[in-house]
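I am attaching a structure below and will ask some questions about it afterwards.
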Amino acid sequence: MSAVCGGAARTLRTPGRHGYAAEFSPYLPGRLACATAQHYGIAGCGTLLILDPDEAGLRLFRSFDWNDGLFDVTWSENNEHVLITCSGDGSLQLWDTAKAAEPLQVYKEHAQEVYSVDWSQTRGEQLVVSGSWDQTVKLWDPTVGKSLCTFRGHESIIYSTIWSPHIPGCFASASGDQTLRIWDVKAAGVRIVIPGHQAEILSCDWCKYNENLLVTGAVDCSLRGWDLRNVRQPVFELLGHTYAIRRVKFSPFHASVLASCSYDFTVRFWNFSKPDSLLETVEHHTEFTCGLDFSLQSPTQVADCSWDETIKIYDPACLTIPA
């Protein structure tokens, strides 16, 4: 692993590891977790990388190996050292960055690849959701060795699962069946089904400033905003990507700003409240760009990772000036 601080981006090269997901720590400024896989996730093992910024760029703090590709990562909301990854063998792994190299716990129930995992952000509950190619979402309490509940209804691969930051026990899922679904852990079935795109939906996120607003990103290259009070039509559509949108994230600091990354190798920043929505296009990767996150501590800082074996932390120009 080698660090490069060229231009505005701090870069860590990850030879033989292709980046799938990046997430900033909610506790430690600048600390970043990245889920990676060998051989583009098709075969081989995976590595969880924990990075810290330093004078030279980015420094590898710890790394943890797993025997299958790692596709997503989420930090604990009540312990700065703990995170969960998910992998191609259908399992979730609970890691502690202050302890041994082996996971504290492995949760193996999904029948196929697990592509998404998210830790609830609402205080008073410590729950995790996972979404799988087996078309199910599972609910977990990390202190319990088995899942609490399995949610069925999607008719294809589940690519994305995300908790509402506002409503306890409420989460969204996005699927290859072209739908966005809203679930309540206290209810047996799905609350809302939104036929969001006429293409596979690879990512969704929940607005940090509006409990009724979500965004989806799809294989049709479009981003669409959805108001849960009226889901018949999207409240916005953002066009510009030229290949599938792999991940989308709302800013935690700017109410109408979001970012998306794509198989077109770019990361794009948008203000969906403006007629000219596209704020900036960042072209610093040479392969599929899969992981993306906004810093929770710095209003201008973003991280991404790519199949080009690099992880980057940077401050896009559009976030350093008023949006």
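The values are calculated or read from the model by the stated rules, or taken from the named source; none is laboratory data. Keep in mind that what you see is a predicted model, and the values were worked out from it rather than measured. Every residue, glycine among them, receives a Cβ derived from its backbone with ideal geometry; neighbour counts consider all protein chains shown. With ligands, DNA and RNA removed, areas are computed over all heavy atoms of the protein, side chains included. Shrake-Rupley method; radii C 1.70, N 1.55, O 1.52, S 1.80 Å.
Residues being among the aliphatic types (A, V, I, L, M), open to solvent by 30 Å² or more (accessible area, probe 1.4 Å) and within 19 Å of the chain's Cα centre (by Cα): count how many of those fall in segment 206-249.
1
Test residue 248 against the criterion of being touching a Ser or Thr at 6+ places or on another chain (Cβ under 8 Å) and in contact (Cβ under 8 Å) with a residue 60 or more places away in the chain, and give yes or no. Steps first, please.
Details: touching a Ser or Thr at 6+ places or on another chain (Cβ under 8 Å): yes; in contact (Cβ under 8 Å) with a residue 60 or more places away in the chain: no.
No; evaluated as a whole, the condition is false for this residue.
Please enumerate the residues belonging to segment 192-205 that are surrounded by 24 or more Cβ atoms within 10 Å (Cβ to Cβ) and of a type in the set (A, V, I, L, M).
Matches in segment 192-205: 201, 202.
Can you find even one residue in segment 74-96 that is buried (at least 24 other Cβ atoms within 10 Å of the Cβ), touching a Gly at 6+ places or on another chain (Cβ under 9 Å), closer than 24 Å to residue 122 by Cα and of a type in the set (Gly, Ala, Ser)?
No; the residues of segment 74-96 include none that is buried (at least 24 other Cβ atoms within 10 Å of the Cβ), touching a Gly at 6+ places or on another chain (Cβ under 9 Å), closer than 24 Å to residue 122 by Cα and of a type in the set (Gly, Ala, Ser).
Can you tell me which residue within segment 39-52, out of those that are over 17 Å from residue 91 (Cβ atoms) and surrounded by fewer than 18 Cβ atoms within 10 Å (Cβ to Cβ), is modelled with the lowest pLDDT? Give the steps one after another, and end with the answer.
Start the filter on segment 39-52 by keeping residues that are over 17 Å from residue 91 (Cβ atoms), which leaves 39-40, 42, 49-52.
Next, only the ones that are surrounded by fewer than 18 Cβ atoms within 10 Å (Cβ to Cβ) stay: 39-40, 42, 52.
Values: 39: 74, 40: 67, 42: 76, 52: 96.
By that ranking, first place goes to 40.
Go through segment 110-120 and report how many residues are outside any strand (DSSP E or B) and either open to solvent by 70 Å² or more (accessible area, probe 1.4 Å) or among the hydroxyl-bearing types (Ser, Thr, Tyr) (or both).
Keep residues of segment 110-120 that are outside any strand (DSSP E or B), which gives 110-113, 120.
From the residues that got through so far, the ones that are either open to solvent by 70 Å² or more (accessible area, probe 1.4 Å) or among the hydroxyl-bearing types (Ser, Thr, Tyr) (or both) too are 111-112, 120.
Within segment 110-120, residues that are outside any strand (DSSP E or B) and either open to solvent by 70 Å² or more (accessible area, probe 1.4 Å) or among the hydroxyl-bearing types (Ser, Thr, Tyr) (or both) number 3.
To continue, here is another question. Which is in contact with a Gly (Cβ under 6 Å, 6 or more places away or on another chain) and under 25 Å from residue 57 (Cα atoms), of 318, 305, 261? Please lay out each step first, then the result.
Working: 318 fails: in contact with a Gly (Cβ under 6 Å, 6 or more places away or on another chain); 261 fails: in contact with a Gly (Cβ under 6 Å, 6 or more places away or on another chain).
After ruling out the rest, the residue left standing is 305.
Can you list the strands (runs of 3 or more DSSP E) found entirely within segment 276-323 that contain at least 1 residues being among the hydroxyl-bearing types (Ser, Thr, Tyr) and over 18 Å from the mean Cα position of the chain (by Cα)? Walk me through how you get there before you give the answer.
On the way: elements: 278-282, 289-294, 302-306, 310-314.
Where strands (runs of 3 or more DSSP E) fall fully within segment 276-323 and carry at least 1 residues being among the hydroxyl-bearing types (Ser, Thr, Tyr) and over 18 Å from the mean Cα position of the chain (by Cα), they are 278-282.
For residues that are modelled with pLDDT of 95 or more, of a type outside the set (Gly, Ala, Ser) and assigned to a loop (DSSP other than H, G, I, E, B), tally how many sit in segment 171-210.
The qualifying residues number 9.
Specify which of the listed residues (113, 109, 211) is charged (D, E, K, R) and under 26 Å from residue 238 (Cβ atoms).
211
Restricting segment 211-232 to residues that are of a type in the set (D, E, K, R) and in a strand (DSSP E or B), which is farthest from residue 72 (Cα to Cα)? Before you say what the answer is, go through the steps one by one.
First, pick out the residues of segment 211-232 that are of a type in the set (D, E, K, R): 211, 220, 224, 227, 229, 232.
Those still in the list that are in a strand (DSSP E or B) too: 224, 227.
Numbers: 224: 23, 227: 26 Å.
Restricting to residues being of a type in the set (D, E, K, R) and in a strand (DSSP E or B), the top hit is 227.
Scan segment 235-243 and give yes if some residue there is aromatic (Phe, Trp, Tyr) and touching a Gly at 6+ places or on another chain (Cβ under 6 Å), otherwise no. Break it down stepwise before answering.
Quick first cut of segment 235-243, residues aromatic (Phe, Trp, Tyr) only: 236, 243.
Remaining after also requiring touching a Gly at 6+ places or on another chain (Cβ under 6 Å): 236.
Yes, segment 235-243 has at least one match.
Here is a further query. Within segment 212-235, how many residues are more than 19 Å from residue 267 (Cβ to Cβ) and of a type in the set (A, V, I, L, M, F, W, C)?
If we filter segment 212-235 for residues that are more than 19 Å from residue 267 (Cβ to Cβ), which is where we start, we get 212-214, 226-235.
From what's left, of a type in the set (A, V, I, L, M, F, W, C): 213-214, 226, 228, 231, 235.
Of the residues in segment 212-235, 6 are more than 19 Å from residue 267 (Cβ to Cβ) and of a type in the set (A, V, I, L, M, F, W, C).
Residue by residue, here is whether (1) without any contact (Cβ under 8 Å) to a residue 12 or more places away in the chain; (2) assigned to a strand (DSSP E or B); (3) closer than 19 Å to residue 145 by Cα holds:
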{"residue": "12", "(1), (2), (3)": "no, yes, no"}
{"residue": "26", "(1), (2), (3)": "no, no, no"}
{"residue": "50", "(1), (2), (3)": "no, yes, no"}
{"residue": "53", "(1), (2), (3)": "no, yes, no"}
{"residue": "59", "(1), (2), (3)": "no, yes, no"}
{"residue": "72", "(1), (2), (3)": "no, yes, no"}
{"residue": "78", "(1), (2), (3)": "no, no, yes"}
{"residue": "93", "(1), (2), (3)": "no, yes, yes"}
{"residue": "99", "(1), (2), (3)": "no, no, no"}
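Could I ask something else about it? Give me the residue from segment 121-175 that is more than 21 Å from residue 35 (Cα to Cα) and among the β-branched types (Val, Ile, Thr) and, out of that set, surrounded by the most Cβ atoms within 10 Å (Cβ to Cβ).
136
Pairs please, first residue from segment 148-168 and over 15 Å from residue 203 (Cβ atoms) and in a loop (DSSP other than H, G, I, E, B), second anywhere and open to solvent by 30 Å² or more (accessible area, probe 1.4 Å) and among the β-branched types (Val, Ile, Thr), Cβ atoms under 7 Å, 6+ apart in sequence or on different chains.
153/190
A further question on this structure: For segment 269-310, give me each residue that is open to solvent by less than 30 Å² (accessible area, probe 1.4 Å) and over 20 Å from residue 33 (Cα atoms).
Across segment 269-310, the qualifying residues are 269, 270, 271, 277, 282.
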